Amino acid sequence: MKSKAMKSMFALMALGAALPVSAMAQTSVTIAETAPIVTLNVTETVEAAPDMATVGTGVQTRAQTAAQAMRDNAAQMDKLIAALVKAGIPKKDIQTSGINLSAQYDYSNRDGQPSGPRFIGYEASNQLSVKLRDIKKVGTLLDTMVEAGATNVNGPSFSISDPTPMLAQARAAALKTARAQADFYAQAAGYRSARLVSLAESNSGGQPPMPMMVTARFKADSAPATPVEPGQVGSSVTLTVQYALEK
C-alpha cells in the first residue's frame, strides 16, 4: 500500500511540474510599437537605352472556303517565318501569338433596299510575336517582314533584356529617398531620429514606352529602311516603408 501511495504521489508531482512548461509553450507576447509611425511610398526610376524590341506581325488571307483560307495562310506564314530566320532571328524568338478563322459578310446596302448580310468568304489570320535583339536593325527587319508577305506590323515595344542592375540602382535610390524623408519628418516633429520598422517592395523591370504603330509598306531597293528611334526605357522600384519616430 505504501509503495502504491508513493507512486501516486510521484505521478502527481510530475504532472504538476509539467503544467507550467505546457502553459509557457502556448503563450506568446507581442510588444506594441508605441512611437509615432510614418508611412512612406517612394518610387524611383532608372532609365537606359533598350537592348531588345518586340514586334507583332502576321498575315491575313481570304478564300471562299475555310480550308482554302487556312491553306493559303499557312503558305504565307511559312514564307514569313523563313524570311525571319534567314535574317538571323532564332526560332526561340519567334512565337505564335494568335490564329483566327472567321466568316466574312458584306453588310453594305448598295441598292438602297433592306437586305441581309452577304457572305463573301472566310478570313484566316496568323499572328507572331518576334523578339529583335539587334536594336540597330529593327527598321530593316520590319521591312523584311513586309517584303516577305506580312500584312500587318505592330510595335516595336522596347525593353531591357536584363533589368537587374537598373532595379538595384532604383532600389538604392528609393531607400535613400525614403530615409531622407523620414529624417525630415522626425526633425520637423521634434523627434531625435527615425527607425525603420517595415519595408515592402514592388517593381517593374524595363518598362517599355508606348509601342508605336508601323504602317506596313514595300520599299524599293534604293529606299532607306523604316526609321526607328528606340529612345530609353525605365526600370522602377516602389518602396512602402514605415519609420518609428524616436525621442
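Largest accessible area first, the listed residues PHE184, PHE158 line up as PHE184, PHE158 when surface is computed with a 1.4 Å probe on the assembled protein chains. Solvent-accessible area per residue in the range 136-176 equals 44 Å², computed with a 1.4 angstrom probe and all protein chains kept.
The modelled label-to-label distance for the pair THR65/THR43, using points 7 Å beyond Cα in the direction of Cβ, is 5.5 nm.
Remark: the range 100-204 carries a charge dipole of roughly 720 debye about the Cα centre, counting +1 on each Lys and Arg Cβ and -1 on each Asp and Glu Cβ. Here the gap between SER161 and GLN181, fully extended at 0.36 nm per residue and compared with their Cα-Cα distance, gives a gain of 3.9 nm. Between ARG133 and ALA189, residue separation times 0.36 nm minus the direct Cα-Cα distance comes to 14.9 nm. Considering only SER202, GLN187, MET145, the residue lying farthest towards the positive end of the dipole of the range 121-210 is GLN187, judged by Cα position with unit charges set on Cβ.
Most tightly packed first, judged by the mean number of other beta-carbon atoms within 10 Å of their residues, the peptides 187-194, 73-80 read 73-80, 187-194.
Maximal additional length on extending the GLU147-GLU246 stretch stands at 28.8 nm, based on 0.36 nm per residue less the C-alpha distance. Cross-linked pairs LYS176/LYS247; LYS137/LYS176; LYS92/LYS176: Cα-Cα separations exceed 29 Å for LYS137/LYS176; LYS92/LYS176.
The values are calculated or read from the model by the stated rules, or taken from the named source; none is laboratory data. The shown structure was predicted, so the numbers you read here are calculated from the model rather than taken from an experiment. Please note: Cβ atoms are built from the backbone with ideal geometry, for glycine as well, and neighbour counts cover all protein chains shown. These accessible areas exclude ligands, DNA and RNA; they are computed on the full protein's heavy atoms, side chains included. Shrake-Rupley method; radii C 1.70, N 1.55, O 1.52, S 1.80 Å.
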